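Input: a single structure, listed below in structure tokens.
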Amino acid sequence: MSSAAQIPSEDQELARLTSLVAEVIDEAARQGASAAEAGLSMDQGLSVGVRLGEVETIEHHRSQGLGVTVYFGQRKGSASTTDLRTEALRETVAAACRIAQYAAEDEFAGLPDAELLAKEFPDLDLYHPWALDVEPAIALALECENAARGFHPAITNSEGASLNTYQGLRVLGNSLGFLHGYPSSRHSLSCSVIGQSGDSMQRDDWWTVARDAGDLESAVQVGRKAAERTVRRLGARTLSTRQCPVLFAADVAGGLLGHFIGAIRGGNLYRKSSFLLDCLGKPVFPAFIHLHEQPHLRKALGSAPYDSEGVATRPRDLVKDGILQSYVLSTYSARKLGLQTTGNAGGVHNLILDPGELDLAALLKKMGKGLWVTELMGQGVNLVTGDYSRGASGFWVENGEIQDPVEEITIAGNLRDMYLKILAVGNDVDLRGNTRTGSILVEEMTVAGN
């Protein structure tokens, strides 16, 4: 039997899970709740890990779970279970009701407004199960690691290669009449190796991820990229402290946008713990910046027809012409702020920073002399003040040409200033996640070394 066999009779299984969610909503009403919502998930997958040509791990995953939230007026209670038998579901609802009875009233608690719930469900092409047996999975992981280990004599060790497949069903329902579910899949392949030259030892990695296994980079490509990235770091030195331009590589630039989303997230705004308080309608980036959400892209990793509350998602601008257009709000945070939910309970969906015309080589030329950051470490970001300080490694650039790999440095600045000092966004867009951006060139930051 295939180790990643499809969830049996997918349509029937989806119908069964949908029926269970409907039962839970009805049960909440029978137990006196004035409103309720429930979500049910069922997942399965396969993970295989190899190292130095040997199989290290083989894991089959299978899980299921249901969470229910009930409201007694403005009092809220939640409970969850992995047992989907009728009596267990009934007891889970009862547990949520007991919690609600003791909860304090919260005037902002409750289900979303009914008119905001999704009523149309476009086919986003999110489900591509991969019927992969263990042996072929091992073979792919080994092929990936072997490509890395054989890339260059300087590759002396390996942290291994891993292959993961996932497929699952999600169903969401509430007492306003919303009831819907859909299947999705996600597959990935990664590799990390170690290189040595003299006293210099470095590691780096590469990975590929997609809804459809056919869209993954080949095992050989992943392995060679991991090895290439490792070899180019050998001989790294540190830098003296200086002010200079910083170019964030595309695969780390998404973190800058993640901090921005954190600063305009409703929870941080109503707690007044954001450096972007009261910035709606004001410039927060240069005028050429367009940052938007596109939740209905087919096959994309962040696509969803609705958020975790059932509110319909829609394409929308967060920043246009450099000006902040909208916050990132759930129903609760929106009510706390006197606004309307933006359909972002659970996060953003396919955050896109429009690329410019320059490729990586042209961005390096534009920077001239400065630091190209390819890895960030640590969590030195304060969203209350915007202060930013993180460990980094990458490459020193002069006359637009890469000179030396560098390490053991810290880059620092303030996010408000960094966003306004973005000089360019590259067209080398990284598509391997929920955030899509090219490399980002910042005019000036403090680089601290020895």
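Take every pair of alpha-carbon atoms less than 8 Å apart whose residues are at least six positions apart; their mean separation over the length of the stretch 194-302 yields a relative contact order of 25 percent. Between 0 and 90 degrees, rounded to the nearest ten: what's the tilt of helix 86-102 against the longest Cα principal axis of the chain? Around 90 degrees separate the two axes. Modelled label positions at Arg271 and Glu357, each set 7 Å beyond Cα in the direction of Cβ, lie 4.4 nm from each other. Straight-distance candidates among the lysines for linking to Lys369, with alpha-carbon spacing under 27 Å and chain neighbours fewer than 8 residues away dropped: Lys225, Lys421.
Rounded to the nearest whole Å³, what is the per residue volume of the convex hull around the Cα atoms of the stretch 10-231? Write out the running numbers ahead of the final one.
Working: hull volume 37.5 nm³, N = 222.
Expressed per residue, the convex hull around the Cα atoms of the stretch 10-231 is 169 Å³.
For the stretch 375-450, the gyration tensor built on C-alpha atoms gives a rounded shape. Its axis ratio a/c (a ≥ b ≥ c) stays under 1.5. Sequentially through the stretch 434-445, phi angles give Karplus couplings (6.51, -1.76, 1.60; θ = phi - 60°) of 7, 10, 10, 8, x, 4, 10, 9, 9, 4, 7, 9 Hz, Gly and Pro residues having no value and appearing as x.
Here the Gaussian network model covers the chain, with springs between Cα atoms less than 10 Å apart; of Gly413, Gly195, Gly346, Gly346 fluctuates the most.
Entry note, the chain: the mean residue ellipticity at 222 nm calculated from DSSP H runs of n ≥ 4, each adding -39500 (n - 2.57), is -7500 deg cm²/dmol after division by the residues and rounding to the nearest 500. Across the alpha-carbon set of the stretch 124-250, the Rg to Rh ratio works out to 1.17, Rh being the Kirkwood radius. For the pair the stretch 305-354 and the stretch 155-176, the centres of their Cα atoms are 25 angstrom apart. You can think of it this way: the chain between Ala287 and Asp404 has 38.8 nm of extra reach, that is 0.36 nm per residue less the Cα-Cα gap. In this label model, Asp387 and Asp11 are separated by 6.0 nm, measuring between points 7 Å along each Cα→Cβ vector.
First measure r as the distance between the Cβ atoms of Leu179 and Val55, then evaluate 1/(1 + (r/R0)^6) with R0 = 30 Å and state the FRET efficiency to the nearest 0.05.
0.10
All C-alpha pair distances within the stretch 280-433, sorted into 5 Å bins from zero, spread as 2, 8, 12, 16, 19, 18, 12, 7, 4, 2, 0 percent across the bins.
With neighbours defined as other Cβ atoms within 10 Å of a residue's Cβ, the residues Met445, Met42, Met201 order from fewest to most as Met201, Met42, Met445. Residue pairs exceeding 30 angstrom between C-alpha atoms, taken from Lys119/Lys320; Lys272/Lys366; Lys282/Lys336: Lys272/Lys366. For the peptides 119-127, 392-400, 355-363, the ranking by packing is 392-400, 355-363, 119-127, with the highest mean count of neighbouring Cβ atoms within 10 Å listed first.
Across the chain, the relative contact order, built from alpha-carbon pairs under 8 Å that are at least six residues apart, equals 15 percent.
With contacts taken as Cα pairs under 8 Å and at least 6 residues apart, the stretch 1-116 reaches a relative contact order of 22 percent.
Springs between Cα atoms under 10 Å define the GNM used for the chain, and in it the highest mean-square fluctuation of Ala300, Ala100, Ala287 occurs at Ala287. On a 0 to 90° scale, report how tilted helix 219-231 is relative to the longest principal axis of the chain, with both axes built from alpha carbons and the result rounded to the nearest 10. Once rounded, the angle reads 50 degrees.
Here, each number is a calculation from the coordinates, and none is a lab measurement. Small disclaimer: the values here were computed from a predicted structure and weren't measured. Note: ideal-geometry Cβ built from the backbone for every residue, glycine included; neighbour counts use all protein chains shown.
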